[in-house]
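A.B. asks: I'd like to ask you about the structure that follows.
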Amino acid sequence: MRSIRAAAIGAVTLSLALAATACGGGSATGGGGSNDSPKTLTYWASNQGASIEVDKKVLQPELDKFEKQTGIKVELEVVPWSDLLNRILTATTSGQGPDVLNIGNTWSASLQATGALLPWDEKNFEKIGSRDRFVDSALGSTGAQGQDPAAVPLYSMAYALYYNKKILADAGVTEPPATWDELVAAGEKIKADGKQVLGAEGANLAENIHHVYVFAQQHGADFFTADGKPDFTSEGAVAAVKQYVDLMAKDEVIPPGNAEYAQNQSVSDFAKGRTAMLLWQSASANLKSQGRSEDDYGIAPVPVQSGTPGSGKQVNSMVAGINLAVFKNTDNLDGATEFVKFMTSDEEQKILNKAYSSIPPVKAAQSDPAFDTPANAVLKDTLAQSAVALPQVPDESQFETAVGTAVKDLFADAAAGRPVTTESVKAALEKAQQQMPAK
Amino acid sequence: MTTTTAPAEAVRKTSPGAADGHPRRPGRIRRAGLPYLLLLPALLLELLVHLVPMVIGIVMSFKELTQFYIRDWTTAPWTGLRNYAMSVDFNAPVGEALLHSFLVTCAFTVLSVGLCWLIGTAAAVFMQDTFRGRGVLRALFLVPYALPVYAAVITWVFMFQHDNGLVNHVLHDQLGLTDKPSFWLIGDNSFYALLTVSVWKGWPFAFLIVMAGLQNIPRELYEAAALDGAGMWQQLRRITLPSLRPVNQVLVLVLFLWTFNDFNTPYVLFGKAAPEAADLISVHIYQASFVTWNFGTGSAMSVLLLLFLLVVTGVYLLLTSSGSTRGRRRGAA
Amino acid sequence: MTRSPMAPPRSFLWSRRIFLTLLTGFVLVPVYVMISSSLKPLADVTGEFRWLPSELTIRPYIDIWSTVPLAKYFVNSLIVAGAATVCSVVIAVFSAYAVSRYDFRGKRVFTVTVLSTQMFPGILFLLPLFLLYVNIGNATGIALFGSRGGLILTYLTFSLPFSIWMLIGYLESVPRDLDEAALVDGCGPLGALFRVVVPAAIPGIVAVAVYAFMTAWGEVLFASVMTNDTTRTLAVGLQGYSTLNDVYWNQIMAASLVVSVPVVAGFLLLQRYLVTGLTAGAVK
């Protein structure tokens, strides 16, 4: 009797499961979008300002402007970074997502592979002007090479060396360091003065990736082969990761406490005048919101191994930024395109990038004098001449997790006083590589 | 209502066979339907939230559900047992990491459940007699359990900070026990940090249950023992602990399942990427699914975890059920 | 609960004193940190730890409401946890009544199935449940995903197994003579349940309600995926205090305290019932 009952329950369960399966594709398989609800849009913005509330204050007036122009009401949700990728993933799986969304530009190729984002072919680009309106380096971080971009650039950022003028002057350092050796040497003087030298976010996977990737380029290495296979253990890659971690382990310019930083504590340390230098992307607005006047700190290019920043081994930043994507099964395709056009228009680009102290990826907007301040000049030059896009491969997000975690663990070792050797770095990277999806 | 006494009669019948033997009476169908009707809401919810999703999860574990297919998981290619093979291949990195995480979780669970039980029982036994301040103390002891998980854990995160946390301030600055400030949320110490938080949060539950269990011990037992000249410690060993056996059986099982499956504590404590030393299996699987976007392997790992828990629970119940248990009580009723 | 008329031996008293003192310290330190830090200026919580605030300020308690929309999250949590609790208790009472008072086919299958869901790892059905909600939404137009309704359904089911199990135990301790008398008096089975059994089972029901409420109030994993801006609950919302430019520890502590006080207060007020409920329900 019992088994019959169990079988009955099983049957009901199964049939329900099948029902779920049957409608599983539902909205997702539809493929192209529609224009079923032309009067509303949902927009997921990433958290660019000091807080989510700040973002709402920045964006809402612009959305109101858009509504006035087009009659389309935009529902805004600012999604915290901690949730953004999860939310995008679940939206992709279910087909229940926003119409337009911000994505970290390094995710472009990964998300492109899901097929959930509208490809920006020539026809679509025409609707928002043209492809040529955008800066090349920014376009280089919008999806895999040879495919139509999965998103269009919205904000561009680059790393720079932020330095506290007073601390450097007090320690007798007259010029901001231009090479890593100079930085370490300056660090000795600053430490002698009793200050911390360089801030870093040792437990922040994305930050770790951004830095070691640039270091790898400086060592003439990459983390992926030309055909997109992970290659984490090349001599150059190991040397790159070791050099970054050695800033804490051997050179002792990064304080051990930073090994557990993951929530921008290094920025507030810098803002409070505790550390002399910080490698960060577009930190001005952030520092200002913490009450640090622009006169107190200087901005210089991120150091290189030797010589001056440029291309190839002389790169000193990743192409950081935010892209704007359209969810393929939006029910307001025209409105979504219209919205992207609005957000990437010269005028909006100026307003938004000023608010977030980023650089407009739209050429025409860059000419605004606001982006010619010394601070922005450094960022602009870096983007134009010495920034490199992170690998545009589908496995990029797994790479960020695997290698980012490896670096985090190495920092933890360094902070605990354990030796960081070429072997230990190589072993950590070896393990990271094995965790990558099998090809 | 003429048939109102019938259900009460039916209740008495412990064997279904006897009920079947009864002649049909009007209203019997309605009565027979009533228990099912009462169970219906629970049944539907269990189906919707637990069982059907579990079946879907099991189906997913046989698919290659990576970012290329998540848009429509039903069209993802079948991979047979490959996800499972990968999960249990302990010579390859994925399996090795899973095994490591599994062992960490086992060690963590055993220590956490053991400590929770020990502290909870000790506190309950010590507070069996009335003394001044007992009520206040009891309320105080329940606070960690009553606090919302994230509020409690985030307070510990603050205390475990390297530069501005209380733990290093006390151990290093004030007591000088360590020669330099330690890291608690990264590296090897993270295991102890996790254990501390888990015990802090979990022992009051053991305390609560044991306290309730102690109230069921007839006072006469103690009086008789006292007449025999048994001291406090002997009473504890001869009466209190043996009487708590059935309570402990349930308590340890519940604590075990909750601790083993705990996601909230490590997630709030360490974020999405837990340090290796504290890589609990729930977070490990979460990472395998959501962070590396491989939901097929993640599901396979969850299914393996479920099987493990089923086996452990089954064996545990078999081994411990010989004593006085709930089943016997129901049989006697 | 005096055990024996004899005075406890000295060794017992001393161990008790030492043990309880240490335990009190262990329990209190985090609570103290939470309270004291919530009254500190930001500089005190970002610099080296200090036991006492350099100055007492209630600033964090003012700021918490504007840094993140705490009030909104609070209301969401209250609605979700409240509704989940009420539904969970009602459904658990029905089920427990059926199991404890009736013999029917499938009883064992039911109890075993329901109880075994207690051991499901949440991560196994997070994504499937999410898909299911979306599909139900597409098929019927009932928005479960992203809505409070979906979260309520989820949480109430989470607490069902343990609640049903505890209530079965408790109802069996309620003498059957009671409902039989009610039946004789002319109540239907449901009348007997509500007029006689439920009132007699109040401690057990309260214990179950407290458990259900706490489960819903503290859950993080499902809330992080299944809520959006308007339905976000406290468990997820509290992460908002780690902003891009600083970790406002003082505000985090203040907010933690604010969201904890109602739960802890309720819990302590009801603890008497809790012990009684557990005594009869879970541990007999």
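The values are calculated or read from the model by the stated rules, or taken from the named source; none is laboratory data. Every value quoted in this text rests on a predicted model; they were computed, and no experiment measured them. With ideal geometry, Cβ positions are generated from the backbone for all residues, glycine too; neighbour counts draw on all protein chains shown. Quick note on the areas: whole protein, heavy atoms, side chains included, nothing else; ligands and nucleic acids left out. Shrake-Rupley method; radii C 1.70, N 1.55, O 1.52, S 1.80 Å.
A.B. asks: Can you find, among B:Pro266, B:Val315, B:Gly80, the residue farthest towards the positive end of the dipole of the range B:77-320? Put +1 on the C-beta of Lys and Arg, -1 on that of Asp and Glu.
C.D. replies: Of the options given, the answer is B:Val315.
A.B. asks: Still on this structure, I have one more. Would you mind calculating the gained length between C:Asp177 and C:Ser11 on full extension (0.36 nm times residue separation, minus the Cα-Cα distance), in nm to one decimal? Don't skip to the end; give the middle numbers.
C.D. replies: Values: separation 166, 0.36 × 166 = 59.76 nm, distance 4.77 nm.
Answer, rounded to one decimal: 55.0 nm.
A.B. asks: At a threshold of 8 angstrom on Cα-Cα distance, excluding pairs fewer than six apart, so keeping six or more, what relative contact order does chain A reach in percent?
C.D. replies: With pairs under 8 Å counted, the relative contact order is 27 percent.
A.B. asks: Next up: Per-residue Cβ counts within 10 Å, from other chains only, averaged over A:79-91: what number is that? Mind dumping the intermediate values first?
C.D. replies: Values: counts 2, 10, 1, 7, 7, 0, 4, 6, 4, 0, 9, 12, 1.
Mean shielding by partner chains, rounded to a whole number: 5.
A.B. asks: Does the range C:26-89 come out rounded, prolate or oblate by the C-alpha gyration tensor, with a ≥ b ≥ c the root eigenvalues, rounded set by a/c under 1.5 and, if not, prolate when a/b is larger than b/c and oblate if not? The partial results should precede the final answer.
C.D. replies: Details: a/c = 4.08, a/b = 1.85, b/c = 2.20.
Judged from the Cα gyration tensor, the range C:26-89 comes out oblate (a/c at least 1.5, b/c at or above a/b).
A.B. asks: Could you pull out the pairs from A:Lys73/A:Lys350; A:Lys166/A:Lys363; A:Lys39/A:Lys341; A:Lys68/A:Lys127 whose alpha carbons sit more than 26 Å apart here? All intermediate terms of the calculation are to be shown ahead of the outcome.
C.D. replies: Working: A:Lys73/A:Lys350 22 Å; A:Lys166/A:Lys363 35 Å; A:Lys39/A:Lys341 16 Å; A:Lys68/A:Lys127 20 Å.
Pairs exceeding the cut-off: A:Lys166/A:Lys363.
A.B. asks: Please compute, for peptide A:52-60, the average count of beta-carbon atoms on other protein chains lying within 10 Å of each residue's beta-carbon.
C.D. replies: On the way: counts 8, 6, 4, 1, 2, 0, 0, 0, 0.
Partner Cβ neighbours, averaged per residue: 2.
A.B. asks: Determine how large the accessible area of B:Tyr316 is when every protein chain is in place; take a 1.4 Å probe and give Å² rounded to the nearest 10.
C.D. replies: It works out to around 50 Å².
A.B. asks: Could you give me the percent of Cα pairs per 10 Å distance bin for chain C, shortest bin first, beginning at zero and ending with the bin that holds the maximum distance?
C.D. replies: Per 10 Å bin, starting at 0, the Cα pair percentages come out as 6, 20, 25, 24, 17, 7, 2, 0.
A.B. asks: Another question, then. Plugging the Kirkwood radius over Cα pairs into Stokes-Einstein for the range A:95-220, at a temperature of 4 °C and a viscosity of 1.567 mPa s, what D comes out in µm²/s?
C.D. replies: Working: Rh = 18.1 Å.
For these conditions, the coefficient is 72 µm²/s.
A.B. asks: In the protein assembly as shown, with Lys and Arg counted as +1 and Asp and Glu as -1 at Cβ, which of these residues, A:Tyr159, C:Ser260, B:Pro246, has the Cα nearest the positive end of the dipole, that is, farthest along it?
C.D. replies: B:Pro246
A.B. asks: Further question: When only C-alpha pairs under 8 Å and at least 6 residues apart count, what is the relative contact order of chain C, in percent?
C.D. replies: Details: 313 pairs, mean separation 82.9, N = 284.
Relative contact order here is 29 percent.
A.B. asks: Also, I was wondering about something else. List, in order, the whole-Hz ³J(HN,Hα) value for each residue of the range B:260-268 obtained from phi through the Karplus relation with A = 6.51, B = -1.76, C = 1.60 and θ = phi - 60°; use x for Gly and Pro.
C.D. replies: Here the 3J(HN,Hα) series is 4, 8, 4, 10, 4, 4, x, 5, 6 Hz.
A.B. asks: Could you report the buried accessible area between C and B, both sides summed, computed with a 1.4 Å probe and given in Å² to the nearest 100? Let's see the in-between values first.
C.D. replies: Values: alone 16670 and 20920 Å², together 26790 Å².
Accessible area lost upon association: around 10800 Å².
A.B. asks: May I ask you to order C:248-261, A:119-132 by the average number of other C-beta atoms within 10 Å around their residues, highest value first?
C.D. replies: Values: C:248-261: 24.6, A:119-132: 14.4.
The peptides rank, most packed first, as C:248-261, A:119-132.
A.B. asks: Next up: Over the alpha-carbon set of chain A, divide Rg by the Kirkwood Rh and report the Rg/Rh ratio to two decimals.
C.D. replies: Values: Rg = 23.4 Å, Rh = 23.1 Å.
Result for chain A is an Rg/Rh of 1.02.
A.B. asks: Take the alpha carbon atoms of the range A:46-93, find their center, do the same for the range C:5-70, and report the distance between the two centers in whole angstrom.
C.D. replies: The range A:46-93 and the range C:5-70 have Cα centres spaced 39 Å from each other.
A.B. asks: Report, in whole Å, the centroid distance computed from the Cα atoms of the range A:365-428 and the range C:206-243.
C.D. replies: 34 Å
A.B. asks: At 222 nm, what helix-only mean residue ellipticity would chain A give, in deg cm²/dmol to the nearest 500, using -39500 (n - 2.57) for each DSSP H run of four or more? Can you show the working numbers first?
C.D. replies: Working: 18 runs with 198 residues, N = 439.
One gets -13500 deg cm²/dmol as the mean residue ellipticity at 222 nm.
A.B. asks: Could you tell me which of the pairs A:Lys189/A:Lys272; A:Lys242/A:Lys313; A:Lys189/A:Lys288; A:Lys242/A:Lys408; A:Lys57/C:Lys72 are separated by over 24 angstrom between their Cα atoms in the structure shown? Before the final figure, lay out each step's value.
C.D. replies: Values: A:Lys189/A:Lys272 20 Å; A:Lys242/A:Lys313 17 Å; A:Lys189/A:Lys288 27 Å; A:Lys242/A:Lys408 12 Å; A:Lys57/C:Lys72 17 Å.
Distance filter (> 24 Å) returns A:Lys189/A:Lys288.
A.B. asks: Specify the inter-centroid distance of the range B:175-208 and the range C:113-135, based on alpha-carbon positions, in whole Å.
C.D. replies: 31 Å
A.B. asks: For B:Gln67, what charge total do you get from the other residues with a beta carbon under 12 Å from its beta carbon, if Lys and Arg give +1 and Asp and Glu give -1?
C.D. replies: -2
A.B. asks: For the range A:162-267, which trypsin sites (Lys or Arg not before Pro) pass both filters: DSSP loop (anything but H, G, I, E, B) and at most 16 other C-beta atoms within 10 Å?
C.D. replies: Here the trypsin sites (Lys or Arg not before Pro) that fit, given the DSSP loop and packing criteria, are A:Lys250.
A.B. asks: For the range A:197-320, restrict the atom set to alpha-carbon positions and state the Rg and Dmax in Å.
C.D. replies: 15.2, 47
A.B. asks: Hey, what D do you get for the protein assembly as shown in µm²/s if you plug the Kirkwood alpha-carbon radius into Stokes-Einstein at 37 °C and 0.692 mPa s? If you can, show how the numbers build up before the last one.
C.D. replies: Details: Rh = 31.0 Å.
For the chosen part, D equals 106 µm²/s.
A.B. asks: Taking beta carbons within 10 Å but only from partner chains, what does the mean come to for residues B:285-295?
C.D. replies: Working: counts 5, 6, 3, 2, 5, 9, 10, 10, 12, 2, 5.
Mean shielding by partner chains, rounded to a whole number: 6.
A.B. asks: Just need the relative contact order of the range B:77-320 here, percent rounded to a whole number, with Cα pairs under 8 Å and 6+ apart. Let's see the in-between values first.
C.D. replies: Details: 241 pairs, mean separation 68.1, N = 244.
Here the relative contact order equals 28 percent.
A.B. asks: First check a/c for the range B:77-320, with a ≥ b ≥ c the square roots of the eigenvalues of its C-alpha gyration tensor; if it is under 1.5, answer rounded, and if not, answer prolate when a/b is larger than b/c or oblate otherwise. Could the numbers behind the result be given before it?
C.D. replies: Working: a/c = 2.73, a/b = 1.45, b/c = 1.88.
Judged from the Cα gyration tensor, the range B:77-320 comes out oblate (a/c at least 1.5, b/c at or above a/b).
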